[in-house]
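Beneath this line is the structure, given in structure tokens, with notes to follow.
The values are calculated or read from the model by the stated rules, or taken from the named source; none is laboratory data. Bear in mind that the values here come from a model prediction, so they are computed numbers and not experimental data. Here the Cβ is made from the backbone with ideal geometry for all residues, glycine too, and neighbour counts use every protein chain on show.
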Amino acid sequence: MSPLLMQARVLVSERIPGTRKGSAEPAYLHSWRVGDALAQFGYAEEVVVAGTLHDVVEDGDVTFEDLRTQGFSSKIVSLVDLCTHDLGLEYGDARWVKMIARLVDAQDVDAWAIKLADLADNVKGSRTMPEDRRRFMREVKAPLLLRVSEPWMGKTAPWSALAQTIEDGVR
């Protein structure tokens, strides 16, 4: 593991508290899995690191300036920014929609890869969520993300992984 990825993993494990959506699993492990998935898909180190950091601003009380100060590149910070909800919006689903709109505008395939890997892991872990949220994630968020990202990501490894995760959950 590179020093940069190790730095990201340590930051995430120190700053993202609590457990994951109704389970006993530490919340930071989700971020580690997103980075690991991107590495398995063959993405460059900066994308893997950004994937590992994708929730640290939302969930870890870390700022984009903190990331810069800690030596993360402008590309990494930009990718994390594109994958971060607008915390100025009160309603969570509206935050998510606005983030997806930003991804559409940016047309950044690396940011899309992070968001697809993120949602695939979220869907896999949704069994501990309340039924209405689990259904919304599987029946609305994931299909919408696949549809909207298809022009840039269709049939790539992260896109296919999310599609397969949805299919596996339907059976």
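In contact (Cβ under 8 Å) with a residue 40 or more places away in the chain, at positive phi and not aromatic (Phe, Trp, Tyr) - does that describe any residue in region 3-21?
Within region 3-21, one or more residues are in contact (Cβ under 8 Å) with a residue 40 or more places away in the chain, at positive phi and not aromatic (Phe, Trp, Tyr).
What about ASP132, is it surrounded by fewer than 15 Cβ atoms within 10 Å (Cβ to Cβ) and more than 14 Å from the chain's Cα centre (by Cα)?
Values: surrounded by fewer than 15 Cβ atoms within 10 Å (Cβ to Cβ): yes; more than 14 Å from the chain's Cα centre (by Cα): yes.
When the stated conditions are applied, ASP132 passes them.
Restricting to region 110-129, count the residues that are in contact (Cβ under 8 Å) with a residue 40 or more places away in the chain and either surrounded by fewer than 15 Cβ atoms within 10 Å (Cβ to Cβ) or over 21 Å from VAL77 (Cα atoms) (or both).
9
Of the conditions (1) within 25 Å of VAL47 (Cα to Cα); (2) exposed (fewer than 13 other Cβ atoms within 10 Å of the Cβ); (3) among the charged types (D, E, K, R), LYS98 clears all except one; give me its number.
LYS98 satisfies all of (1) within 25 Å of VAL47 (Cα to Cα); (2) exposed (fewer than 13 other Cβ atoms within 10 Å of the Cβ); (3) among the charged types (D, E, K, R) except (2).
Starting from region 142-171, take each residue that is under 15 Å from ASP110 (Cα atoms) and list its partners that are of a type outside the set (A, V, I, L, M, F, W, C) and exposed (fewer than 12 other Cβ atoms within 10 Å of the Cβ), counting only C-beta distances under 7 angstrom and pairs at least six apart or across chains.
Filtered contacts from region 142-171: TRP152/GLN107.
Select the helices (runs of 4 or more DSSP H) contained entirely in region 1-53, then report the ones holding at least 1 residues which are in contact with a Leu (Cβ under 8 Å, 6 or more places away or on another chain), at pLDDT below 95 and under 16 Å from CYS83 (Cβ atoms).
By residue number, no helices (runs of 4 or more DSSP H) qualify.
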